[in-house]
Every structure is written in C-alpha cells, then in structure tokens.
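The values are calculated or read from the model by the stated rules, or taken from the named source; none is laboratory data. Quantities reported herein were computed from a predicted structural model and do not represent experimental measurements. Quick reminder, even Gly has a Cβ in these numbers, built from the backbone with ideal geometry, and neighbours come from all protein chains shown. Heavy atoms of the whole protein, side chains included, go into the accessibility calculation; ligands, DNA and RNA do not. Shrake-Rupley method; radii C 1.70, N 1.55, O 1.52, S 1.80 Å.
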Amino acid sequence: MLETKNLRKVYKTKKGVSVEALKGISLRFPEKGMIFLLGKSGSGKSTLLNLLGGLDKYDDGEIIIKGVSSKNFKQNHFDSYRNTYVGFIFQEYNVLEEFTVGANIALAIELQGRKATDEEISKILRQVDLDGFGDRKPNELSGGQKQRVAIARALVKNPQIIMADEPTGALDSNTGKQVFDTLKKLSEEKLVIVVSHDREFAEQYGDRIIELADGKVISDVEKTDGGEIDFSQGISFEEDGFIISEGYHLTEEDRIAINEYMDSAKKDVKATIKAKQHVSGNFKKTNQDAIDYVDGEFKLIKSKLPVKNSFKIGASGLKHKKFRLVITILLSFVAFGMFALADTFGTYDHIKTCTNSISDSNIKYASVLKAKKMDNDGATWWDDWSYKLTDEDVAKISKETGHDFRGVYMPSDEGMEMTNIKDTSNLSGNEVYCPYATSITGFADINQKIIDEMGYKVLAGKLPDGSKKEIAISEYVYKTYEKTGYLEGKSIEKISDYKDIIGKTIELNGDKFTVTAVIDTKVDFNRYKTIGDSMTGKSNAETLAMYALSRELDGIKEYSLSCVAMTGDGYVESLVNGDGKVINVNTKSIYMDVSNSSYDCSSDGMIKLSDADKSKITWVDGEKSKLADNEIIVPEGQIYKNGENADAKDFVEYLKNEPFFNISYSLASEEEKTDKNWKIVGVIKGEGKAVYVVPDKFYEKDWVGAIGTYSFAVSSMPDNKADIQKLVKYCYTEKDNVKFKMQNSVTFELDSVDEILNVLSKVFLYVGLGFALFAAIMLSNFIATSIAYKKQEIGILRAIGARSNDVFRIFFSESFIIAVINFVLATIAAGSVTVWINSAIRKEMGVLITVLNFGPRQIILLLLISLGVAAVASFIPVYKIASKRPIEAIRNK
Ligand code: ADP
Ligand code: MG
C-alpha cells in the first residue's frame, strides 16, 4: 500500500538553522491494521505523518503509493492523492467552526464531486456514534465529539488510509478511548496510522508500533498472532533468587530446577513473582518483508467542488464580518460611484452630450445651417453665417439623413416683425422674456406629406396654394393673435378660435398673405408660459429656470417651422426668383471692387444682364445682348476718381481708351480674389440700389451657386435617442470642408463651452482613474484580509482534499458577492446622482446642456472593474496560500 525509502526531511528555520527532522526512514505499511508512531516530542512523528499524507514535501528518499513513486508529484498530484486515498485527523480537530456538523461533512462529500444527501450524512455520523448531531455547531460539542466529527469527515471519502496526529492529545483518557475504539473499528478494513506518545494506548490498540527517536526508527514491533503472552521464559534464576512470571504454572522440570538451585544456594534467596510484561511478551520485531504488498491500481481523483456549493460557502463566510463588510462596501461603492460619475464627465463626447441635451431640452425640430471650413494661415474655423443652403444642399441632407428637410427662405436677414397685431406690450409680464411669437423668420413650403412626416396636424382650414399669396401659420403664432386680437387699420378683432384667423391677411415682406390654415407644430406652450411671469419676487433659481426656458424657446422661434410662414409648394421658388435678382452685397459679406490706378467703383449689389433694365444702361461701345466672361457694367453713382465722386459722362469717355480694370472680390470669409483685365462696357443708372451688371454665368456660378438660397433647413426631430444621435452625428460630420450644423439653443450653448468641456473631461478622466484605483484598493484590501484571516481554513480544506482551485472558487464567491453588491449600489448611486446633477444644472443654473451622460459604458466599466478587482484580489492571496504546503497554511494561524 504505502512505502517509504530512506525518507529525509530537513526544516530550515527562519533564522537559517537547519533541523534534520527525519534521517532516513524506510518503512512498509500493509493494506490494513492500526499502526502507531510512537516517540517523544520532537522525535519526528508528525513530520513523518505529514509526509505520508502529502501535506508536506520531503527532501530526499521517496514515498511509494501503490507502487507509484511520488518523487515527481506536483502540488496538485498530492492534492488528488489526499483526496483519493487519505483521511486526515488532527489533534486540534480542525473542524470548520462556521459550519454545522452536517455541513462540515457535506462539504467533504461535495469536494468528492458528489451530492451530499441526508442519508449519507447520518449514516456516517452513526459510524462514529454521533447520531443526530448533524445540526449542532462545533462549539456545542465536546472535544471527543469534535474529533469524531473530524473522523466522520475523513470517512466520507471512504479513504484507504486514515492518518491521525495525536487524535486524543487534547482529550481526557476516557474520551480518548472512544476515539481509539472508533479508529480500531475502522482499521479492520483500512490502514490507520496514528501518531501518539501514549505507549499504553499504543500497546492496547496497535497492531504494530513504530518508535521514533531523533528522526530515526529505533524500534518496530508487531503484535504476534493471537497476542498471547510468551511463556518461554517462565522462570529465571538470578544470583539472589529466582523470578517467576505472573500466572506461570511450574512444570516438573521447573520443580527439579528450583530444588537444585536452592540446594546450591549458600545464603538467603528470594522467590519473586514478576508481573506480566506485555510488550516484550506481546510484540516481536516487525518483519517488513512479510507485509503482503498489493500494488493494485493507482488512480487519482481530482476534487471537484460545484460552483453552487463554493458560492454557498463563500456567502456564509460573509456573515461573520458584518461591520467590516458594511464599511468596506460603503467606502468602495462611494469610490466606485465617484469613478462612474467622473467617467461620465471624463468621457465627454459632444455627440452624446448633444443628443441627451436635445432630448432633455424637449427639442422637437431639427434645423441645419451650412458651415464652411475656413483656413486662416493654418488656423481653421467654421464660418456658419455667410453661407446659405442651395436646393441641392437641402436635397442632399434629406437624402443622407432620411428626414425630409425644408429650406427656409428669409428675404431679410433680420426676420420680419409680425404684423396685424396690436401693441406687444402686454404679451409678457416682464421686459426680458416673451412667451409669445413676435416675428416671422421666413418662408418655407409645406404640403400634406411634410405635415404628416413632421407629425404636425392641421387644426383648421386648408393648406396654402403655392401659386397664391397664401400661408399657413402655426398654432404657436396663432396664440399671439389670440392674445392681442387681429388688427386691421384701426379696428381690433377678437380672435378666440382657429377659424377666426382663417381668411385674414397678414403683411409680410411688403406683401399681403391670406392665412388659410392653422397647424399644430408641437410647441408645448404651457412649458414656456411661465417665462412671461412677472420677475418681482422670483428667487434666483426661478429666474435661472426662466432664462433656460427662454433659451429653449428662442431656438424654437428662430429655427423651427413654428415661426415660419408656411407656403404652398413652389411658392418659395417663385419668391426666390423674383426677389433674388439683386444679390445684396453688404448683407451677405460679399465685397467686390472694380478699379484701376485712377478710378474706383463699388456697389450695393449685383444683377445679371438678363434681369437688368437695359434702358438704363449707357454703353461704351454700342449695345450688347450678352456680356462676355470678363465684361461688367458699373453703377453710375458709385464711380470715384481719387476718392471724389466722378462724372459718369467723363468716365464713359475715359473708358473708350482705357476700358480694362482689375476686379477684386471676396465671398464671405474666403480669400480675396483678383481678376485682371475686366472690361467695363457700360454704366447703369441706379434707382434705389446701385448694382453691378455681370455676365449670367458669373452671377449664377460664382455668386448664387456659392452663397445659396435658404438660411436654414428644417425637419422634425426624431423621437428616440438613437435616431437623434444619428442625426446629430451627421450634423457634426464634415465632408469636403462643409458640414451642415444642427442649430438650436442646445448646440448654440454646447458649441460655446465645447472647448472647456473637452479640457475638463480630461481632468475628470484622471480623477476617475484615481477613484477607480482607490475603490480597487479598498475592495482588494477587504478581500485580502478576509482571506488571511481564513488561512487556516484554507489549509484544512486542502488537507481534506480540496484543490487550490476549489479554494479559489470559495473565496472568489465571497468577493464576487461583495463586488456585485458594490456594482449594484454604485450603479444606482451614480445613475441617480447623474440625474440629480443634470436636472440641478438645468434648473438651478439655466444651462440647457445635459453635462453628465451616464450610460452603458459606465455600467459595463463598473461591472468589469468590480469583478476584475474581486478576481485579482482573491486570486493573489489565495494563490499565495494555496501554493504553500497545506501543513504550513494550517499552522499559520
Ligand atoms: P513530533 O511530532 O514527534 O513532536 P515533529 O515532527 O513535529 O516532532 O518535529 C520533528 C523536529 O522537527 C523537531 O525538532 C521540530 O523542532 C522540528 N520541526 C518540526 N516542524 C518544524 C518547522 N516547521 N520548522 C522547523 N523545525 C521544525
Ligand atoms: Mg507532533
């Protein structure tokens, strides 16, 4: 079964002193029977037993188990060996105090990868005479009972070898006897190796007694067959008498021998009856060669603790450090929460922030402007006020976003004051904000399809006809008329129903438009009503809330269809063509100068020859029906000679000899261009605006085509965040130096603080990392100390067969539970603080930006870090302990 050959063990103490505890032990052990290792304290008994049980490693020689040498065993082989063959019993019982008797035994069964049933547990308890003790806690048991629990625990594996190190050392002799009785019973089928220093018990129970002294075997005896006293030396003769063994019956020869002795005796002799000498009589030197040695099959079973059970064990471990647990969880969840918060800010991403801000600011319209990237000596910036959208732009945006955008045409850059309303003084209770619409931003065509797509609704009337001067107004604009009444001439008409405004005319851009419909454009008027409240008596917070709301409303007023005069299909195009003949130079940041060394011309605008009134032109070289690519006509009143207004007639004469001029022009913020050799072919009389007359191609391509027509294009904002985000992303993406910037009160605010947020976010990223580190240290410290505290328990688990893997799983379960509690609390805390901070910033500070974006990223990060920390924090200390020999872990209290 088990054999040692020249086994040696040297301990090295911390001070570097070597102690040779075993000095070459060669022993063979049979398949069964009770074998005692006897010897004085320090003789090496425990060392030998620990080596035999695989709890410690030997330095030289070898141990052969079922014919297989363990010389090349790794730690996990020894673990499996213990798990398969050895049941170990310690002097200090080493029963897990946290578990009931039943649970202690169940754990040992589960380590075998079996399910612990009540029947099996009570059967084993019966074997050690502990019937019905299953529900008791170890601290409710006597020492002998505890030791029998330890024996029961050793028995569940049905091991072939039971090893016990001074199992009765801590017991009185009576309870000690019970333990030995139990072991003796087991030794009928198993090999039981018992370390003891009690010779009496050894002789009473042992089948064989091996005595150690100073690391060597000094005697090895076995009980002879039958165990009878050896009577061969029944009588012995000494100089001063003779000794007869107790219970010896004299034979005839003895009688003769005694008589002869007495005859020869010269002085007094003593006849002594000597008491039985059990040892010398009972035992004889062990013949190790006679030990029948059945090699059998050597097989190792790996321990396997089901996850469910390791979880249960881990969870039960938490009950014992409640206070520490609560403190740790509190601190680390706060740190984790802070980390998540810092991260929400640290990962500031303008697309996400913009999306959330739009959603939180209740913005229902999507407006875009055209912005062009400008390069000014390497410094780039975006010009979003000089350019307008062309028809192609609007079509392109609609196609690429999948939303139907409408171009809004503003004949005047300032917007148009609403007309036909009475004085606007009573629209608001304060002088700063106004909840009502007071001006119209422009014209945009609509039709039923658009209305449907935008989710708008016709509340009254019918949609305008694009061939007539008809408009539809929003319900929001209608509210202004409802409030003030409709003014015509000097009479005021009360408006109390949508129908009341239908058919009325409103003057815009110098024309009268008939209102044909009122359309609900989803402006929640009630949301903004309060900004018209009186300011007196308002708290700072309330004032800021009014400010924030008015910012929202400003966006609606400026960039949604709600304040646009909605015209029928085709009307805007005719308006643009009719009105757009003269490009207003000044308002569109256009500049064009025609000059030579003597003369200098300028103008307010530009027109193409086909639109010009030819009767007003004085031609230099005869009338032309078409201008060549470099021909231009300049306005009469804008010709200067050396800074003085020049006479037109003189100028025409001058041109006959010197027609060539340079023109310099710049479009918006683009670089100025200079074309040489343009020929002035005439002058034109101005009425109102002084304009250049330019070739059709130049007008269309270089000016109109480049400048565009529509101030902005508008569509409805999608309802769900994913779609909002898609649209926002599109609007932040540049292509060919152009992007279509989303425009509303949120983007306005966001753009102005984007830079600051970007810098702050970097700071917060580091702050977050700091918190994460702190939280990780907190958590791992807790786990590490709780494991250190359980070192002995780990050793016990190892001794009863658990692999380091099982141990790890138990402790990881414990950490896992903490980590999950931590994760859940941190998520809830960070989530709610985010909501609170966001709404506070909005309400108390009047900012429309949703600064903190707590989302899946933070939740996943929290989860990963919590679990990661739990895994690493439990792995390192458990690994450190598990890689030790089990006996060290047990000793290391
Ligand atoms: P026993 O069990 O017979 O009392 P041990 O096997 O425990 O004896 O010890 C044998 C010898 O080895 C003793 O001299 C003891 O001091 C020494 N020894 C035991 N364990 C260690 C250890 N971990 N470190 C150093 N010396 C040890
Ligand atoms: Mg000992």
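Name the residues in segment 188-210 that are over 16 Å from ASP165 (Cβ atoms) and not in a strand (DSSP E or B), would you? GLU188, GLU189, LYS190, ARG199, GLU200, GLU203, GLN204, ASP207, listed by residue number. Selection of segment 424-447 for residues being in contact with a Phe, Trp or Tyr (Cβ under 7 Å, 6 or more places away or on another chain) and part of a loop (DSSP other than H, G, I, E, B) yields LEU427, PRO435, ALA437, GLY442. Only one of the numbered conditions (1) assigned to a helix (DSSP H, G or I); (2) closer than 30 Å to LYS457 by Cα is violated by GLU755, and that is (2). Just one residue in the set LEU852, LEU867 is open to solvent by 30 Å² or more (accessible area, probe 1.4 Å) and either of a type in the set (Phe, Trp, Tyr) or at pLDDT 75 or above (or both); that residue is LEU867. Cβ-Cβ contacts under 7 Å between residues 6 or more apart (or on different chains), taken from a first residue in segment 462-483 that is assigned by TED's automatic domain parsing to the domain that holds LYS529 to a second residue that is of a type in the set (Asp, Glu) and open to solvent by 10 Å² or more (accessible area, probe 1.4 Å), are listed as PRO464/GLU470; GLY466/ASP445; GLY466/ASP569; LYS469/ASP511; GLU475/ASP520. If the condition is being within 16 Å of ligand 1 (Cβ to nearest atom) and surrounded by fewer than 21 Cβ atoms within 10 Å (Cβ to Cβ), then segment 188-200 contributes HIS197, ASP198, ARG199. Among the criteria (1) open to solvent by 50 Å² or more (accessible area, probe 1.4 Å); (2) in contact with a helix residue (DSSP H, G or I) (Cβ under 7 Å, 6 or more places away or on another chain), the one ASP719 does not fulfil is (2). Looking at this structure, is GLU97 farther than 18 Å from ARG8 by Cα, assigned by TED's automatic domain parsing to the domain that holds THR175, within 16 Å of ligand 2 (Cβ to nearest atom) and surrounded by fewer than 20 Cβ atoms within 10 Å (Cβ to Cβ)? For GLU97, the condition - farther than 18 Å from ARG8 by Cα, assigned by TED's automatic domain parsing to the domain that holds THR175, within 16 Å of ligand 2 (Cβ to nearest atom) and surrounded by fewer than 20 Cβ atoms within 10 Å (Cβ to Cβ) - is not met.
Tally time: how many residues in segment 508-538 are farther than 26 Å from ALA444 by Cα and open to solvent by less than 50 Å² (accessible area, probe 1.4 Å)? Of the residues in that region, 2 qualify. Could we say that ALA830 is surrounded by 22 or more Cβ atoms within 10 Å (Cβ to Cβ), at pLDDT 85 or above, in the same structural domain as PHE774 (by TED's automatic domain parsing) and part of a helix (DSSP H, G or I) here? Criteria met by ALA830.
Of all residues in segment 839-859, those that are farther than 21 Å from ARG551 by Cα have Cβ atoms under 8 Å from Cβ atoms of residues that are crowded, with 17+ Cβ neighbours inside 10 Å and among the acidic types (Asp, Glu), 6 or more apart or on another chain, in ARG857/ASP343; GLN858/ASP343.
Only one of the listed residues (ILE313, ILE327) is at pLDDT below 75, β-branched (Val, Ile, Thr) and under 30 Å from SER815 (Cα atoms). That residue is ILE313. Look at (1) out of contact with any helix residue (DSSP H, G or I) (no Cβ under 8 Å at 6 or more places or on another chain); (2) outside any helix (DSSP H, G or I); (3) modelled with pLDDT of 80 or more and you find that ASP295 fails only one, number (3).
Within segment 647-655, not a single residue is surrounded by fewer than 15 Cβ atoms within 10 Å (Cβ to Cβ) and either under 17 Å from ASP593 (Cβ atoms) or of a type in the set (A, V, I, L, M) (or both). Would you call SER780 part of a helix (DSSP H, G or I) and either surrounded by fewer than 23 Cβ atoms within 10 Å (Cβ to Cβ) or in contact with a strand residue (DSSP E or B) (Cβ under 6 Å, 6 or more places away or on another chain) (or both)? So SER780 fits the description; yes.
Being more than 16 Å from ligand 2 (Cβ to nearest atom), buried (at least 20 other Cβ atoms within 10 Å of the Cβ) and either at positive phi or among the hydroxyl-bearing types (Ser, Thr, Tyr) (or both) is a property that GLY67 lacks. Of all the listed residues (LYS71, LYS5, LYS12), the sole one being more than 52 Å from the chain's Cα centre (by Cα) and of a type outside the set (A, V, I, L, M) is LYS5. I'm checking my understanding of the structure. Among residues of segment 159-209 that are among the aliphatic types (A, V, I, L, M) and within 14 Å of ligand 2 (Cβ to nearest atom), which one is farthest from PHE283 (Cα to Cα)? Residue satisfying both the conditions and the ranking: ALA170. For ASP384, the conditions (1) at pLDDT 85 or above; (2) surrounded by fewer than 21 Cβ atoms within 10 Å (Cβ to Cβ); (3) among the charged types (D, E, K, R) all hold with the exception of (1). Count, please, the residues in segment 38-62 that happen to be in contact with a helix residue (DSSP H, G or I) (Cβ under 6 Å, 6 or more places away or on another chain) and within 6 Å of ligand 1 (Cβ to nearest atom). So the answer is 1.
What number of residues within segment 153-187 satisfy the criterion of being assigned to a loop (DSSP other than H, G, I, E, B), more than 16 Å from ligand 1 (Cβ to nearest atom), within 57 Å of the chain's Cα centre (by Cα) and on the phi < 0 side of the Ramachandran plot?
Initial filter on segment 153-187 (assigned to a loop (DSSP other than H, G, I, E, B)): 156-160, 166-172, 187.
From the residues that got through so far, the ones that are more than 16 Å from ligand 1 (Cβ to nearest atom) too are 156-160, 171-172, 187.
Restricting the remaining residues to those that are within 57 Å of the chain's Cα centre (by Cα) gives 156-160, 171.
Checking which are on the phi < 0 side of the Ramachandran plot leaves us with 156-157, 159-160, 171.
Qualifying residue count for the region: 5.
Mind checking which residues of segment 139-161 are of a type outside the set (Ser, Thr, Tyr), farther than 25 Å from LYS66 by Cβ and surrounded by fewer than 19 Cβ atoms within 10 Å (Cβ to Cβ)? Listed by number, the residues that qualify are ASN139, GLU140, LEU141, GLY143. If only residues of segment 458-483 that are farther than 26 Å from GLU573 by Cβ and basic (Lys, Arg) are counted, the one that is surrounded by the most Cβ atoms within 10 Å (Cβ to Cβ) is LYS479. Within segment 1-52, no residue satisfies the criterion of being open to solvent by less than 10 Å² (accessible area, probe 1.4 Å), more than 12 Å from ligand 2 (Cβ to nearest atom), part of a loop (DSSP other than H, G, I, E, B) and at pLDDT 90 or above.
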